[in-house]
Structure formats: C-alpha cells, structure tokens
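S.K.: Would you mind keeping the following structure in view while I ask a few things?
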Amino acid sequence: MREGEAAAGALAPAPAAASGFTVRRLPKPNYRRPTQPGRTTPLGLPAPIAVDNLHSRLVHRRDGPMPLTEWNLGMQEDQGQRGTYEIEVAGRSRPGVAELLGGRASAFRQGWSFAAGDLPAPTLRSTGPLMRLRGAGVGRAHDDGHGWTALAAVAAPGTGLQPEGTTLSLFSMDGLRLHGGRAAFTLAGFARGRGGRPPGNPPLSLAEFPGRGGGGMIEVHTAPGRDLLALSLGTQLHDLGGHDAPAALQRLEWRIVRPTAALTLLEQRASNGARSLGDACLPRAARRDDRLTAQWRPLGGRAETHFTAVASTGEGTLPASRSASLGGSSSLGRSAWYAGAESEWRGGAPASPPSSRLAVRMGRFGDRGSSVLLQLERQQEGHASPALVLTGQASSPSRGGWHASLEPRLGWRDGVLQNFDLGLDVSWGRVGSFTRLTASLTLGGTRAAAFACQARKAALRLAFAPRMRDRGVIEVRRIAGPAAPAWEYETDYDLQGRRYLPVPGLTPGSRWTGTVRVLVARAEDGSGVPEALVSLDGRQLAFTAADGTLEFDRVEPGIHVVRIEERSLPRGMRVVQTTQVFVVVERGKPAEPVRIEVARAARKTEF
C-alpha cells in the first residue's frame, strides 16, 4: 500500500480490477455535494443567495471646505424557483450639488439573466474583462456549463475618461462541447466618438480619430478542471486610426496544477492596429503580453519555491512593464517557525527607472491565530542609493474575545534612519456574539520633521448584528493630510443570511480605483478563512478578516502578484490551485477581485 497526500478534489476513482472482486458503491449519509458559492451568470449577475436582501452604504468625507457624501442602496428579492430580482442605485452630493452616479435593475430566472443600466463588467473567456458599460444585456446559462451573452451599451461615465459616443454591441457563447474539449466565440461591434481621453491629455495613443469597426474571436480549450490549455484567435476591421485597417489577435493559456507543483503561462499577441475592448477609449491592444508563474512545494509542503515573470508592452491606461521575481521559504525543522527570501527586478517603464528588491523574512504561525513576522528588505530604484526597510508584524488573541496586532516599520538610507511607522489594532468581541469593536492607530515620523510623532491614521469600527440576518458596520476614520486632517464617516447595513464575495459592478465614485480585494474561501462551502497572510508584490502584507476578505489600498496601475502564505492557513489546509495570482490594476477602472480557494488535504490510498 502506498500513501500520499493530495488536495481535496484530486481523488480519482480506482479502476475496476479484473480479479473477480465485486465493487459496490455505498452512499455516505453525511456526504454533501460541493456547492459553487459566488457563482455568477454569463452577465456577471449574482446567483440567488439571499431572501429579501437589503444593502445600504453611506460615506461622508470632510477634507477641506468641500465635504463629499457618497451613498449606495441595493435591494434584492429571492423567490426561489421563480427567480431573483435586484435593484441598485448610487450617488453622491457636495454642498449645493447632488448627482446620481448610476443604477441597475437585474433579474435571474431559471438560467436566464437580464440587466439594464450600469452593467457588471463581464469577463468573457475569449476577450477578457470588458469596459464599464451602461445599457442592456441578456444571458442564458445551462446546467452543463455552456451559455451565451448578448448586450448593447455605451461606455459608462465616472471612470476619469470622457467616453463621448463610445458604443459596444456583443454576442458571445461559451462552454460549447467539442471532441472532449470546449469552445467559445465572440462577435462584437464598436464605435468611438470624438471624446474618449482623460481630461487635459493630448490624443496620443488613447484616441486618435473617431470611427467604428467590429471583430470576432474564437477559443478552444480543454474541459473544465485543474489543468487547462486554451488557444484563442481573433480578427478586427475598423477605421479608428483614420483609415480602414485589419488587425489580428492571439492568446494562449496553459495551466498545470499538481499536489506539489503548479505552472501557469499566459501569452498574448496583437498586430499593430488591434484594439482593446477593456477601455472606453478603445486604445491599441498590447502588442505583447506574457505572464508566467510557477511554484514547487517539496518535502510534503514544508518548503516552497516560486517564480513569476511579466513582459507587457502596455495598453491604454495600463503601463508597459517588465518584471521577474524568484523566492522560496521553508519550515525550520518540525517547529512552527519558517524562513524565506525573495528577489525581484522591475524594468524601467517610459516614465520610471528600473528597480530591484531583495527581502528576507522569518516568522511563526501559532495556534488560535497568533503570529510573528519579521522582514528586512533592500530596495533600489535607478541609480539612487539603496534603502533598507525593516517591517514587523505580531498578532495575538487573548482570552475574553480580545485580539491585538502590532506593525512597526523602519526605513534607512545611506545608513541613516529616515522614517518610522507604528500601527496598532485592538479588537474585542464578546464570545458567542456577532458584535466586534476595533480600534486602529497608525503613528509615524520622518527625519525632515525631526521625528515628531504624528497620528497618520486613526479609526474606530463597530460591527454588529442586531438580528440573525442583519449585519451592520459603523466606522469613523481620521487621515492626516498635507494641510489639515480629513475625516471619514461610514455606515454599512446588510440584511442577508450569508455574505459572499460581491460581483464587481456599480460602486460610488472612485472608491474602488487602485484597490485590490482578496477573498480566501473554503472550496467546499465558500466560507471565508480568517487570519490568512496575503501579500501584494511581496511588499504589502495583511491578514484576512473574520469573513476571509482583505483590501490593499493605493495600488499603482500595472500588473501585480497576489500571494498567500500557506503556513498561515488552519492546520491541514492547502491552496487548491496556485498560491500566486496575477491581478491587473488600471487607472479609472475597478480591479477584478481575487478569490483563493483552500481545502483540507485528503489522504489518497492506492492498493
């Protein structure tokens, strides 16, 4: 008998032996088929998950003489087999000025989905994410995995651009069976008016001339599973460059996932005249976009090494980038301590010099969510002298529902201390109650200010559940500014039985811009995993909240890598696919949320 470990879901049924034995399959009473939480329709609409759902959010900001109030209201009614219906509106107001940012009405009924207004940004296999749209769409999803989507819309305002007259009509089918694999195709028509560029910017590469055109794309890929091989070919014909011109696009994606290794390769090519449908300006598509991520987990998962590489010429609001990183970590014997190192290089974009980074870290993950992390990082940008950054993070729960975390940060250049930061979070929640009070304080100082200690950010957050189906949040934040501090007041109330990762769509103002949202969820039921350590580009580190979510704010536009530290997961749990995920942040567009699924390792026995 040979024994090994495999991630949950990797078990394959043993082949029937020709030895005369009779194989009987007996039902297991406590077994439940795994569900698909967070499932979306082809239009990106949420599947029925709640009954009489009401969500409201109000944010008030005081920053100087012009306070700003943003609000969002959503209502949903789930009638079971009869369907789900949803209405959502958002707006904002300043003294003497009130405006409605947008709204959406949608319905989901027996596999059909309808939407009108500000459509959720659909992500199609053959085209990738589309621009923010305002119009109408309809879709159909079948139980066997195939479906279709049709929409007609104009580019939605509020993205920092001026999409005057930019329109898009599209029809797409996905999941078509093809000799053991699947196929998808998309047909699209588009047009652009005389606007379509950031205010004050000259029409260089985003929008040269008004025009119109169309195109199609077809993709063939293997059947759904952990491994994937997909090839897409497309063509376009348009006059956006001032004259009729054909264009071609090609995309190749290859993914291999094994219990001890994972590899993902994405390669995209486009001819000179190809256009991207992911931006309201219909900019030129990236001539080249290559991404590679690989990971190896030897020694039964006690060690790991990873490599990522990106080479992109950029497109529209996405700058060109070249980067590579190599790192690894390992447990120190049988103890809970571990150590690791990572090296990264980023090529210079047209407006920035090349940079490099080398980091070493050591940490420990204990029981009940306690952790200690220490990282020393060397950063160098262009020909400037290198900087050293020492970062620490300690988190420890205590009896009585208390939880505290401390995050110090020190920065040196030329051997001289330049700045310091100290973050402190203290939260308390009564055992058996949904009420939790959290206080956060960030102190800092710089050499230029004679290391005078200043409160850079302070926040007080109260999360409560007055009824079983209700969730409420009240938060007050004070953020230091160049002239005077800014105050923010936020209230959030949600009436639903269970909370899932929201589908990216309508958001007030530009709150989502430059923000990367991450959800670490259990594969079997979709519930969030708390206290999981997640990093962004190896620089920003954060633990997931009680619902398994976290946010990275003020993220620069470009291609970034989100990575989860498996050692921070509950004992016996591992990442289902890969611990590294690429995420694209574009100026004026909400980044697609990152979902990382984990599961308990299952024992695989072969006779």
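The values are calculated or read from the model by the stated rules, or taken from the named source; none is laboratory data. The shown structure was predicted, so the numbers you read here are calculated from the model rather than taken from an experiment. Backbone-built Cβ (ideal geometry, glycine too); neighbour counts: all protein chains shown.
S.K.: So for the stretch 465-485 (the condition being surrounded by fewer than 16 Cβ atoms within 10 Å (Cβ to Cβ), at pLDDT below 85 and part of a strand (DSSP E or B)), does at least one residue qualify?
M.R.: So far as the stretch 465-485 goes, yes, one or more of its residues are surrounded by fewer than 16 Cβ atoms within 10 Å (Cβ to Cβ), at pLDDT below 85 and part of a strand (DSSP E or B).
S.K.: Out of all the residues in the stretch 423-435, is one or more touching a Ser or Thr at 6+ places or on another chain (Cβ under 8 Å), surrounded by 17 or more Cβ atoms within 10 Å (Cβ to Cβ) and under 23 Å from Glu377 (Cβ atoms)?
M.R.: Yes: the stretch 423-435 contains one or more residues that are touching a Ser or Thr at 6+ places or on another chain (Cβ under 8 Å), surrounded by 17 or more Cβ atoms within 10 Å (Cβ to Cβ) and under 23 Å from Glu377 (Cβ atoms).
Here's the yes/no breakdown for (1) at pLDDT below 80; (2) over 24 Å from the mean Cα position of the chain (by Cα); (3) closer than 30 Å to Pro485 by Cα:
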site: Pro37; (1), (2), (3): yes, no, no
site: Pro42; (1), (2), (3): yes, no, no
site: Asp63; (1), (2), (3): yes, yes, yes
site: Thr84; (1), (2), (3): no, yes, no
site: Pro95; (1), (2), (3): no, yes, yes
site: Ser106; (1), (2), (3): no, no, no
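S.K.: Now a separate question. Confirm whether Gly445 is farther than 30 Å from Leu495 by Cβ, assigned to a loop (DSSP other than H, G, I, E, B) and not hydrophobic (A, V, I, L, M, F, W, C).
M.R.: No; evaluated as a whole, the condition is false for this residue.
S.K.: Hey, any hits in the stretch 384-399 for a residue that's in a loop (DSSP other than H, G, I, E, B), modelled with pLDDT of 90 or more, over 23 Å from Glu490 (Cα atoms) and among the small types (Gly, Ala, Ser)?
M.R.: Looking for residues that are in a loop (DSSP other than H, G, I, E, B), modelled with pLDDT of 90 or more, over 23 Å from Glu490 (Cα atoms) and among the small types (Gly, Ala, Ser), one finds at least one in the stretch 384-399, hence yes.
S.K.: List, please: which pairs have Cβ atoms under 7 Å, are six or more places apart or on different chains, and start with a residue in the stretch 175-200 that is in a strand (DSSP E or B) and end with one that is modelled with pLDDT of 85 or more and acidic (Asp, Glu)?
M.R.: Correct list of pairs: Ala183/Glu219; Ala184/Asp174; Ala184/Glu219.
S.K.: Exactly one condition in (1) free of Cβ contacts under 8 Å to residues at least 40 places away in the same chain; (2) surrounded by 17 or more Cβ atoms within 10 Å (Cβ to Cβ) is false for Ser271; which is it?
M.R.: Only one criterion in (1) free of Cβ contacts under 8 Å to residues at least 40 places away in the same chain; (2) surrounded by 17 or more Cβ atoms within 10 Å (Cβ to Cβ) is unmet by Ser271, namely (2).
S.K.: Residues in the stretch 298-319 that are farther than 30 Å from Ala248 by Cα, touching a residue at least 40 places away in the same chain (Cβ under 8 Å) and not in a strand (DSSP E or B): how many?
M.R.: So the count comes out to 2.
S.K.: Related question: Please identify the pairs in which a residue from the stretch 390-417 that is closer than 16 Å to Arg364 by Cβ has its Cβ atom under 7 Å from the Cβ atom of a residue that is among the charged types (D, E, K, R) and surrounded by fewer than 17 Cβ atoms within 10 Å (Cβ to Cβ), counting only partners at least 6 apart or on another chain.
M.R.: Pro397/Arg368
S.K.: If I ask for residues that are of a type outside the set (S, T, N, Q) and surrounded by 15 or more Cβ atoms within 10 Å (Cβ to Cβ), which ones from the stretch 240-251 would you list?
M.R.: Within the stretch 240-251, Leu240, Gly241, Ala245, Ala247, Ala248, Leu249, Arg251 meet the criteria.
S.K.: I'm told Gly348 meets every condition in (1) at pLDDT below 90; (2) among the small types (Gly, Ala, Ser); (3) not in a loop (DSSP other than H, G, I, E, B) except one. Can you identify the failing condition by its number?
M.R.: (3)
S.K.: Now for a separate question. Within the stretch 495-539, take every residue that is modelled with pLDDT of 70 or more and basic (Lys, Arg) and give me the one that is surrounded by the fewest Cβ atoms within 10 Å (Cβ to Cβ).
M.R.: Checked the stretch 495-539; the qualifying residue surrounded by the fewest Cβ atoms within 10 Å (Cβ to Cβ) is Arg539.
S.K.: Here is a follow-up. Being more than 16 Å from Gln540 (Cβ to Cβ) and within 26 Å of the chain's Cα centre (by Cα) is the filter here, so list the residues in the stretch 375-394 that pass it.
M.R.: Ala394
S.K.: Sticking with this structure for a sec: Would you check if Ala542 is part of a strand (DSSP E or B), more than 12 Å from the chain's Cα centre (by Cα), farther than 28 Å from Met66 by Cα and at pLDDT 85 or above?
M.R.: So Ala542 does not fit the description; no.
S.K.: Right, next: Please indicate, with yes or no, whether at least one residue in the stretch 356-377 is crowded, with 17+ Cβ neighbours inside 10 Å, closer than 27 Å to Pro319 by Cβ, at pLDDT 90 or above and of a type in the set (Ser, Thr, Tyr).
M.R.: No, because not a single residue in the stretch 356-377 is crowded, with 17+ Cβ neighbours inside 10 Å, closer than 27 Å to Pro319 by Cβ, at pLDDT 90 or above and of a type in the set (Ser, Thr, Tyr).
S.K.: Among residues belonging to the stretch 69-80 that are of a type outside the set (Gly, Ala, Ser) and at pLDDT below 90, point out the one that is surrounded by the fewest Cβ atoms within 10 Å (Cβ to Cβ).
M.R.: Only one residue fits best here, namely Gln79.
S.K.: Which of the residues spanning the stretch 295-321 are within 21 Å of the chain's Cα centre (by Cα) and charged (D, E, K, R)?
M.R.: If the condition is that a residue be within 21 Å of the chain's Cα centre (by Cα) and charged (D, E, K, R), then Glu315 is the only one that fits.
S.K.: Which members of the stretch 167-220 meet the condition of being modelled with pLDDT under 85 and of a type in the set (Asp, Glu)?
M.R.: Listed by number, the list holds a single entry, Glu208.
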